[in-house]
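Before any comments, here is the structure.
Throughout, read-outs are computed from the coordinates displayed, never taken from laboratory work. Keep in mind the model is a prediction, meaning the values are calculated, not measured. Here the Cβ positions follow ideal geometry from the backbone for every residue, glycine too, while neighbour counts run over all protein chains shown.
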Amino acid sequence: MRSAVLRIAKRSLAAFILTAVGLVALAAIAARPVEPPSRESLWEKVEKAVSEGLPRTAMEHLEPIIESAIEDGAHAEAIRAIGRKIALEGNIQGNKPEEKIMIMRDEIEKAPEEMRPVMHAILANWQWHYFQRNRWRFMQRTATSEPPGEDFTTWDLPRLFTEIDRHFTEALSADELLKNTPVKDYDALLEKGTMPDRYRPTLYDFVAANALEFYHSGEQAAALPQDAFVLSADTAVFGPLSEFIAWRVETTDTESPAYKALLLYQALLGFHSDAENRDALIDWDLQRLRFGYNTAAGEEKNSRYKAALRRFAEQWNDHEISARALHHLASILKEEDEPAKAHEIATQGYRAFPDSPGGKLCYNLIQQIEAPSASIETERVWNEPWPDIRVTYRNVSRVYFRLVSWDLEKDLARRPSNPEHLDSEALKAALTRRPAMEWSDTLTPTEDYRQRAEILPAPRDLEPGPYFLLAAHDPKAFDSEGAISRLTSRLTGSQEGANRILSYTPVWVSDLSLIVRTRPGEPALEGFVLDANS
């Protein structure tokens, strides 16, 4: 009996102890701090709320993301979240760009110092994009007699550009912070281009590139003062790298976009001169030369630019960027009607680095220079004395002709406003009709890739009536199905069949000639119908 009571007592004690332990464990669990949701899960909630049309709910989820990212030093993520919140708030306010810009101003004031440079750059870009969408409004405005208010949508062009410049200047003033921040740290925020990060390795490079895009813009000319800084082609802008960095640019117009761009190029090249990564140095140096060509004035500009490109390509001949320099040089030579020299230079760039961006640009230029072309001109009415056909061509050694009659009454009924225009249907009909005559002529080769013209005799003893004279440098161009597809390709911008271009002109074989005239202010047409031979 005692042993039974003892066993019951022991069981009760054990149960009590287990219960006590359980209560202590539960108390400990309850006292343990609850882990906040991860930013990744919060982003998922943001996207879910946006997809369900709940912008305010999405904004509520963005607040802890911003706080947590700032606390962890994840500044790119914090800026991304702030930008998303501003976009959502702007949508609620009516999706007006000006609302986003004004909200961003307030957010910059509240943001930590480390985040402000990038936020200033973002705000500058937003204002610049706002101008581009509303260019016509700003271009029509004149400067106000009194300083404009806070509403930037009412500003004149100089005031708006000054504000954009101020934000870029604020961003770039934190140059040490930006130079020490790898651009890859902001991958979650920045939209990636086609060039690798080694060409823009730091946040300083990225923000500077944004600012230079603004300073380079053609619209800057509309906001320049009368005594604006003019970049002369005979300065160090086309000089060697060391000479350009050491150049002291002198001007009274220190607010000039061109002046600020020069200083920024000098700062960028000076920053990268001692760096192990020479990709950014070489790329920025080529950009500097391009800026000089697009901005400088003076008779020496082309010659100095070409000399600078040759020096650049020789100095960096072991780097793929040299192919881009050769492409720029070849493009200038082509514009100066030196296609043979341009072809030689472009071929050099393509062979050196065929798979690089510059090599591909060189290849495309080579194709343009080598592309065959031919067009024809002749008198509208053919009779004795029989006219000539003028063929203007390039990279062609033979031209093929086909003379096809056409039904004037039918085409007038179908195309009353312009019966002599060959649309796809009329072209197909002309090519499938039995030609009245076919022939070909040889042409003097254009080994220098230049366009030239030759005069060829027109055929004689033709039946009177309307014709289309068709010409091509490849007889396969007369294939009706292929010609229609090439016509469609040219209309849509496709390059398929580009080397089989067909040209045409309407002609009339007739013994009659017309002399017509109009009188000012009178719709009537008057003139004479004459015998062409007499």
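Once R0 is set to 25 Å, what does the formula 1/(1 + (r/R0)^6) return for the Cβ-Cβ distance between Ala532 and Ala453, expressed as a FRET efficiency to the nearest 0.05? Could you put the intermediate results ahead of the total?
Values: r = 26 Å, r/R0 = 1.04.
The pair Ala532/Ala453 has a calculated efficiency of 0.45.
What is the set of long-range amide H partners of Leu231 at a cut-off below 5 Å, with H atoms built 1.01 Å from backbone N?
Ala297
Could you name the lysines whose alpha carbon sits less than 23 Å from that of Lys45, not counting residues in the same chain fewer than 8 places away?
Lys45 reaches Lys85, Lys100.
Output the 0 to 90 degree angle, nearest 10, between the alpha-carbon long axis of helix 2-31 and the longest principal axis computed from the alpha carbons of the chain.
Taking Cα atoms only, the helix is inclined about 50 degrees.
Is the shape of the range 198-274 best called rounded, prolate or oblate, per the rule: a/c under 1.5 gives rounded, else a/b larger than b/c gives prolate, else oblate, with a ≥ b ≥ c the square roots of the Cα gyration tensor eigenvalues? Provide the component values of the computation, followed by the final result.
Working: a/c = 2.43, a/b = 1.29, b/c = 1.88.
It comes out oblate by the Cα gyration axes.
Each residue of the range 52-64 in order: what ³J(HN,Hα) in whole Hz does its phi give by Karplus 6.51 cos²θ - 1.76 cosθ + 1.60, θ = phi - 60°, with x for Gly and Pro?
Whole-Hz 3J(HN,Hα) from phi for the range 52-64: 8, x, 10, x, 5, 5, 4, 5, 5, 6, 6, 4, x.
Specify whether the C-alpha gyration tensor of the range 42-101 places it in the rounded, prolate or oblate class, a ≥ b ≥ c being the square roots of the eigenvalues: rounded for a/c under 1.5, otherwise prolate if a/b is larger than b/c and oblate if not.
Details: a/c = 2.79, a/b = 1.34, b/c = 2.08.
In terms of gyration-tensor shape, oblate.
Name the residues whose placed amide hydrogens come within less than 5 Å of the amide hydrogen of Val509, ignoring near sequence neighbours (fewer than 5 apart) on the same chain.
Answer set, sorted by chain and number: Trp382, Gly465, Tyr467.
Only Lys, Arg, Asp and Glu count, each charged at its Cβ (+1, +1, -1, -1), so figure out the dipole size of the range 149-202 about its Cα centre, rounded to 20 debye.
Values: 7 positive and 12 negative charges, 77 e Å.
In total the dipole reaches around 380 debye.
Using unit Cβ charges (K, R positive; D, E negative) and no other charged atoms, how large, in debye to the nearest 20, is the dipole of the range 332-483 about its Cα centre? Before the final figure, lay out each step's value.
Numbers: 19 positive and 27 negative charges, 64 e Å.
Taking the Cα centre of the range 332-483 as origin, the dipole is about 300 debye.
Give, in nm to one decimal, the length gained when the segment between Asp156 and Asp274 is fully stretched (0.36 nm per residue of separation minus the Cα-Cα distance). Please list the in-between numbers first.
Values: separation 118, 0.36 × 118 = 42.48 nm, distance 4.25 nm.
Taking Asp156 through Asp274 to full extension adds about 38.2 nm, to one decimal.
Once Rh is set to the Kirkwood radius over Cα pairs, what Stokes-Einstein translational diffusion coefficient, in µm²/s, holds for the chain at a temperature of 20 °C and a viscosity of 1.002 mPa s? Before the final figure, lay out the partial values.
On the way: Rh = 30.6 Å.
After rounding, the answer is 70 µm²/s.
Using the Cα centre as the reference, give the magnitude of the dipole from point charges on the C-beta atoms of the chain (Lys, Arg: +1; Asp, Glu: -1; all else neutral), rounded to the nearest 20 debye. Walk me through the numbers on the way to the answer.
Numbers: 63 positive and 83 negative charges, 438 e Å.
I would put it at about 2100 debye.
From the backbone phi of the range 446-454, what are the Karplus-calculated ³J(HN,Hα) couplings (6.51 cos²θ - 1.76 cosθ + 1.60, θ = phi - 60°) in whole Hz, Gly and Pro given as x?
9, 5, 8, 6, 8, 6, 9, 10, 10
Tell me the angle of helix 357-370 to the major Cα principal axis of the chain, expressed in degrees between 0 and 90 and rounded to the nearest ten.
So the inclination is approximately 10 degrees.
Farthest toward the dipole's positive end in the chain, which of Ser41, Phe161, Tyr130, given Cβ charges of +1 (Lys, Arg) and -1 (Asp, Glu) about the Cα centre?
My answer, from the dipole projection, is Ser41.
Classify the range 236-308: rounded, prolate or oblate, from the alpha-carbon gyration tensor (a ≥ b ≥ c, eigenvalue square roots; a/c under 1.5 rounded; otherwise prolate if a/b is larger than b/c)? Each step should come with its number before you reach the end.
On the way: a/c = 2.02, a/b = 1.25, b/c = 1.62.
Cα axes put the range 236-308 in the oblate bin.
Taking the highest mean first, how do the peptides 267-274, 318-325 order by number of other beta carbon atoms within 10 angstrom per residue? Working shown, then result.
Numbers: 267-274: 16.8, 318-325: 21.8.
Going by the mean number of other Cβ atoms within 10 Å, highest first, we get 318-325, 267-274.
Between the helical axis of 97-110 and the dominant principal axis of the chain, each derived from Cα atoms, what acute angle in degrees is found, rounded to the nearest 10?
Roughly 40 degrees between the two axes.
Pairs of Cα atoms under 8 Å, at least six residues apart: use those to get the relative contact order of the chain, whole percent.
Working: 671 pairs, mean separation 41.0, N = 534.
Over the chain, the number comes to 8 percent.
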